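Have a look at the structure below before the remarks.
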Amino acid sequence: KGEKRGRARWIMGGVRGVRGSRTVLERPDSPSRRDGGPRRAASPHSAAMWGGELPLALCADMCPAAERAQRERERRLHRLELPPAGRGNPPRADSRRVVKEYRRPAAGQPRPPPSLLRPPCVLLATVRYLAAEVVCRTDASRAEVASFVADRLRAVRLDLTLQRAADLEAAAVLEAVLATLLAVVARLGPDDARGGADRVLLQTQVQEGFGSLRRCYARSSGPHPRQAAFQGLFLLYNLGSVEALQEVLQLPAELRACSTLQNALAVDAAFREGNDARLFRLLRTLPYLQSCAAQGHVDHARRRALARLSRALSTPKGQALPLDFMVHLLALDGLHEARDLCQAHGLPLNEDKVVFLRGCYAEKGLPPASTCDVLVGSKLQGRTLEEVVMAEEDEEGVHRPGSPA
């Protein structure tokens, strides 16, 4: 049992346990080692596993030629790896579209040769391709796209772990992987869970990505221009976690002074204090990627706000509140979402008003999922996902060592 707990802790990037919606984290640079150096979580795919030094990767394609040939022969090419109008019988593997799939390395197997591993520059190009060409495909459901992209991004992280790569290069790849994965998860709609998208698995992969990136930051002194932004994303993804907040507060003062991290701290404070009016006001101002990270907490925050309104306003005869006020207060996508939210909690409606009647409010199951177009989808503002994933943050979000805070 101890080994299983230790393995789970490494997967979650230092997560010791989860209680409700609160995540318990462990610092990647905890001074608990006897030698006083930074603590490093051992990877199951590290050099020790293979009994020697990790190799330099040599594969120049998104998918090694051997795997392309095998999958073409076995007819295991995914339809998202084929041209939209060019699916022949049998399908042919195109090196410009086929992406290496994830395969867990088996114990006792020989080390993967360098020809099967993609170097950081190819891994970064692979993530760029997925963000630019695959995530926005409309000829497949969003659930299918999410499952495909998550699998290929998992293979990217595995290739990075199995080779000898500089921490700066590794951080750039992991940042792009995390940004793409956050956007893919945010694009999933309320009904996509029935279409094959495993939200729990996707959330686990996001936590794995944060764990790998935080360990990379802890090993290297930098500079990492996007570190402040991704430390803020880490906090927004784990809103309400005291341990995540402690992790961020222990960062260097110059890093904490960056506006992106300050905004994340303000959102976390409003969430923990239950100041829902301020929380949704701040969520409206977040950029696209930060909104993707915080989206998982929106539905619960709306339920909490509605419960407090019910306790404050409910009377035996009932008090009415306009639905358009609810739309504004909770940053809903329209009157239809306000109606659905109130009806899901047993509150009666009177035309375009919700009536807070004592004893009517009830919580059954999970809060209704929303599309979050106002808080997330509308914030791309003409930019492509590739630009958001690959470009550095705006100047106020970039941490440049030696620059004034």
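Using 0.36 nm times the number of residues separating E74 and A253, minus their current alpha carbon distance, what extension gain do you get?
On the way: separation 179, 0.36 × 179 = 64.44 nm, distance 5.48 nm.
Between E74 and A253, full extension yields an extra 59.0 nm.
Might you report the magnitude of the Cβ-based charge dipole of segment 235-388 about its Cα centre, with Lys and Arg at +1 and Asp and Glu at -1, to the nearest 20 debye?
On the way: 17 positive and 17 negative charges, 130 e Å.
Using only the charged Cβ atoms, the result is roughly 620 debye.
For segment 342-392, which GluC sites (Glu not before Pro) are both in a DSSP coil and crowded by at most 13 other Cβ atoms within 10 Å?
Qualifying residues, ordered by number: E351, E363, E392.
In debye, nearest 20: dipole of segment 172-325 around its Cα centre with unit charges on the Cβ of K, R (+) and D, E (-)?
Numbers: 18 positive and 13 negative charges, 81 e Å.
The calculation lands at about 380 debye.
Given 0.36 nm per residue, what is the gain on full extension from T371 to R281 after removing their alpha carbon distance, in nm?
Numbers: separation 90, 0.36 × 90 = 32.40 nm, distance 1.77 nm.
Working it through step by step, the gained length comes to 30.6 nm.
Restricting to DSSP loop positions (anything but H, G, I, E, B) with no more than 14 other Cβ atoms inside 10 Å of their own Cβ, which trypsin sites (Lys or Arg not before Pro) remain in segment 72-174? Write down the numbers at each step before the final one.
Numbers: sites: R73, R75, R76, R79, R87, R92, R96, R97, K100, R103, R128, R137, R142, R152, R154, R157, R164; in loops: R75, R76, R87, R92, R96, R97, K100, R103, R137, R164.
Those satisfying the criteria are R75, R76, R87, R92, R96, R103, R164.
Averaged across orientations, what area in nm² does the convex hull of the alpha carbons in segment 93-211 project?
Details: hull surface 32.5 nm².
One quarter of the hull surface, i.e. the mean projection, equals 8.1 nm².
For segment 210-326, with all protein chains present and a 1.4 Å probe, just round the carbon and sulfur fraction of the accessible area to a whole percent. Intermediate values should be presented prior to the final figure.
Numbers: 2300 of 4370 Å².
That share works out to 53 percent.
Any chance you could run the full-extension gain for Q343 through K317? It's 0.36 nm times the residue separation minus the Cα-Cα distance, nm to one decimal. Working shown, then result.
On the way: separation 26, 0.36 × 26 = 9.36 nm, distance 1.82 nm.
7.5 nm is the gain from fully extending Q343 to K317.
Find how many whole Å separate the alpha carbon centroid of segment 64-126 from the alpha carbon centroid of segment 259-311.
Between the Cα centre of segment 259-311 and that of segment 64-126, the gap is 40 Å.
Which loop-located trypsin sites (Lys or Arg not before Pro) does segment 245-332 contain, where loop means any DSSP state but H, G, I, E or B and the Cβ has at most 11 other Cβ atoms within 10 Å? Can you show the working numbers first?
Details: sites: R256, R272, R278, R281, R284, R302, R303, R304, R308, R311, K317; in loops: K317.
Passing sites in segment 245-332 are K317.
Let me know the volume per residue of the alpha-carbon convex hull for segment 303-360, in Å³.
Details: hull volume 3.8 nm³, N = 58.
Residue-normalised Cα hull volume stands at 66 Å³.
Give the shape of segment 154-297 as rounded, prolate or oblate, defined through the alpha-carbon gyration tensor: a ≥ b ≥ c are the square roots of its eigenvalues, a/c under 1.5 means rounded, and otherwise the shape is prolate if a/b is larger than b/c and oblate if not.
Details: a/c = 2.13, a/b = 1.11, b/c = 1.91.
Note, shape of segment 154-297 comes out oblate.
For a Förster distance of 60 Å, can you work out the FRET efficiency between the beta-carbons of Q109 and R304, rounded to the nearest 0.05? Don't skip to the answer; put the middle values down first.
Working: r = 49 Å, r/R0 = 0.82.
For Q109 and R304, the calculated efficiency is 0.75.
Using the Cα centre of segment 200-282 as the reference point, and only Cβ charges (+1 on K/R, -1 on D/E), how large is the resulting charge dipole? Debye, rounded to the nearest 20.
Working: 8 positive and 7 negative charges, 41 e Å.
Its charge dipole is roughly 200 debye.
The values are calculated or read from the model by the stated rules, or taken from the named source; none is laboratory data. Nothing here was measured: the structure is a model prediction, and the numbers come from that model. Ideal geometry is used to build each Cβ from the backbone, glycine not excepted, and the neighbour counts take in all protein chains shown. These accessible areas exclude ligands, DNA and RNA; they are computed on the full protein's heavy atoms, side chains included. Shrake-Rupley method; radii C 1.70, N 1.55, O 1.52, S 1.80 Å.
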